[in-house]
Every structure is written in structure tokens, then in C-alpha cells.
Amino acid sequence: MVTSEELAATSPALGDKSTTGSESASGRNWDLVIRPQSGWFDLHLRDLWRYRDLIMLFVWRDFVAKYKQTILGPLWYLVQPLLTMVVFVVIFGKIAKIPTDGLPQQVFYLCGITAWNYFAECLNATSGTFIQNAGIFGKVYFPRLVIPISVVISGLIRFGIQFALFLAFAVYFLAKGANVHPNAAVLLTPYLIFLMAALGIGLGIIISSLTTRFRDLQFLVQFGVQLLMYGTPIVYPLSLVPERYKWIVAANPMSAIVESFRYGFLGAGSFDLVLLAYSTTTIFVIVFVGILLFNRVEKGFMDTV
């Protein structure tokens, strides 16, 4: 039988949810204490570093499993943008005759495709985090943000391959004397890649959090991403948009990123620091809201999935 004095001595230790890796009621030191999250800002971001090996394991899984039983394998990373570029050249270049700011059509379209594919890959893959990984989440504990972060890193491999393809085309047309003029804005490339990844993961985890209750969203994501592409200067330059509608396209955070990316490597397009600052601010707000919502939903999503 437990006396009231013993209960009083042990209850503070048992009720302390703010202690991790601290001394328990029995006087033992624990390496890890798993406990329910209690607030919006209880994010446990430090745990992501502790689970870095798991992140790299998921990265390897995504890279190997995606094209494991295909004939071409990783060559699809090159085939997809090349086929898309050919379609754009035929439809938008030859038939619709949309101007490309004096740039060769092939390199103009490939530049936008390379940037857009990375953002779309991050968004599409992270938007199904809870639904696609419910089986793992229900059996093993690890920080749930590990999955979206691994998607962003594995997407970098695909982006690197497609980026090399784009550079090969740019160098080829530069050697031919085409109107391609790289400039100092290429130094912003790591920052632009970071913004694309952040926007993709931010929107993705927001959608992933909402799909635990509203399954309809998972059917709208891919359609919405394709629709959003035409609201981004991928197949047309921003300079071609009429002035009264330009603010609508500029409101898309990806517009300033794509235009800056194109301006740095090809010397055409618009480079506006104000628009880039707007995109940066918007993306950080989206990521912040997404992490908070993701953190709130992950506590009880197994009851609704």
C-alpha cells in the first residue's frame, strides 16, 4: 500500500512533462523520454539531428526504390525534362509562338522546367506524408518531420542531375554564340534552391496535415500543381505579362525565384530584389505555419487516418 507521503514524493516527478533525459522518480538517468506533445511550439527540432542517420536511410530508400524495376532507371531523371522541353518547344514555341526574351527556346524552357520540377517534387511527395507513412508512424517512434526532410534531400539528387543537363544546354548555346549571358546573379543559386525546397516542404506539410481529415485534397494536389505551373513564368517570360495582370503572377512566390534563376544563368528575364524579398518573406511564413500545423496534427492523426 502506498502512503500519502510516498505519493506526494513521487507525483511531482511523474507529472513533470518538461523533462527529457533527466532523472526519473526512481533516481535513474534516462537517455530519452517519449511523452505527448503539449503545445503548438513544442517542436522537438533538436531530435532531427539525433535522427540524421534515419533521414539518410529514407533518402537512400527514395532514390533506389523509385526506379528500381524500370528499364532506364535513373535515366528517367534526364528523359522526363527532355521530353517536356520538346513538347514545350513544339506547342508554345512553334505553334503558339510565345516569345522567350530572345533566348533559344530549348534552354529557356529547360531552365524553368529544372527549377519547377524540384519544387513540384518536394510538394507532391511531402503532401502525402501522413497518409503514405501511416503504417510506419503507427509502429515506430521518430520525429515525423524526418520524412519531409528526407524527401527534400532526395529531391536534390534529381535536381542535381537535371541541373547538369540544363548547364550542358546552356554551355552549348553559349559556345554557339547565342544570346546567353551568365552573370553574377548565379551566386544566388544555393539561396534560390533553398527557397524552392522551403516552399515545397511548407506547402506540402500543410496539405499533408489537412488531408488527415479532408481526403479530397490528395486528389487536387497534382492537378493544382500543374495549374500553378501556368501561373509561373515557365513557358513565358514575366515581361510578356500585361502590366495590369503582372501583380497576379508576381504574387506567386515561385515567379521571382524562376525569373532570378533564369536571369543569373541566361542573362534574360527580370531580377527584382523587392519581389525576391516578398517571396522570401512569404515562404518563411508558409514554412512556419506548416510546421506548427504539422506539429499539432501529428499527435492524433492515427485516430483519423
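The values are calculated or read from the model by the stated rules, or taken from the named source; none is laboratory data. No experiment lies behind these values; they were computed from the predicted model shown. Note that each Cβ is placed from the backbone with ideal geometry, even for glycine, and that neighbours are counted across all protein chains shown.
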* Asked: With (1) within 29 Å of residue 198 (Cα to Cα); (2) among the small types (Gly, Ala, Ser); (3) at pLDDT below 80 as the list, and residue 27 as the residue in question, which single condition is left unmet?
  -> (1)
* **Matching residues in region 109-129 - criterion: being hydroxyl-bearing (Ser, Thr, Tyr) and closer than 30 Å to residue 97 by Cα** => 109, 114, 118
* What do you reckon, is residue 149 surrounded by 17 or more Cβ atoms within 10 Å (Cβ to Cβ), assigned to a helix (DSSP H, G or I) and within 16 Å of the chain's Cα centre (by Cα)? -> yes
* To do: Under 6 Å between Cβ atoms, at least 6 apart or on separate chains: pull out the pairs that start in region 123-142 with a residue that is under 16 Å from residue 295 (Cα atoms) and end on any residue that is of a type in the set (Phe, Trp, Tyr).
  => 130/301; 142/51
* Asked: Is it fair to say residue 113 is of a type in the set (Val, Ile, Thr) and either touching a Pro at 6+ places or on another chain (Cβ under 6 Å) or not in a helix (DSSP H, G or I) (or both)?
  -> yes
* Would a scan of region 167-175 turn up a residue that is at pLDDT 90 or above and in a loop (DSSP other than H, G, I, E, B)? -> no
* **Selected residue (only one of 158, 144 is of a type in the set (Lys, Arg), part of a helix (DSSP H, G or I), within 20 Å of residue 197 (Cβ to Cβ) and touching an Asp or Glu at 6+ places or on another chain (Cβ under 7 Å))** => 158
* Structure fact -> Sole miss for residue 244 among (1) of a type outside the set (Val, Ile, Thr); (2) farther than 22 Å from residue 89 by Cβ; (3) at pLDDT 90 or above is condition (3)
* Asked: Can you name the residue in region 249-268 that is polar (S, T, N, Q) and crowded, with 20+ Cβ neighbours inside 10 Å and is also nearest to residue 167 (Cα to Cα) among such residues?
  -> 260
* From 304, 280, residue being surrounded by fewer than 21 Cβ atoms within 10 Å (Cβ to Cβ) and either in contact with an Asp or Glu (Cβ under 8 Å, 6 or more places away or on another chain) or modelled with pLDDT under 90 (or both) -> 304
* Asked: Going by the conditions given, is residue 75 at pLDDT below 90 and under 27 Å from residue 174 (Cβ atoms)?
  -> yes
* Asked: Just wondering, is there one or more residues in region 188-198 that are among the aliphatic types (A, V, I, L, M), surrounded by fewer than 15 Cβ atoms within 10 Å (Cβ to Cβ) and at negative phi?
  -> no
* Structure fact -> Within region 136-146, residues touching a helix residue (DSSP H, G or I) at 6+ places or on another chain (Cβ under 8 Å) and surrounded by fewer than 15 Cβ atoms within 10 Å (Cβ to Cβ) come out as 138
* To do: Tell me, yes or no, whether region 124-132 has at least one residue that is at pLDDT below 90, of a type outside the set (Gly, Ala, Ser) and not in a helix (DSSP H, G or I).
  => no
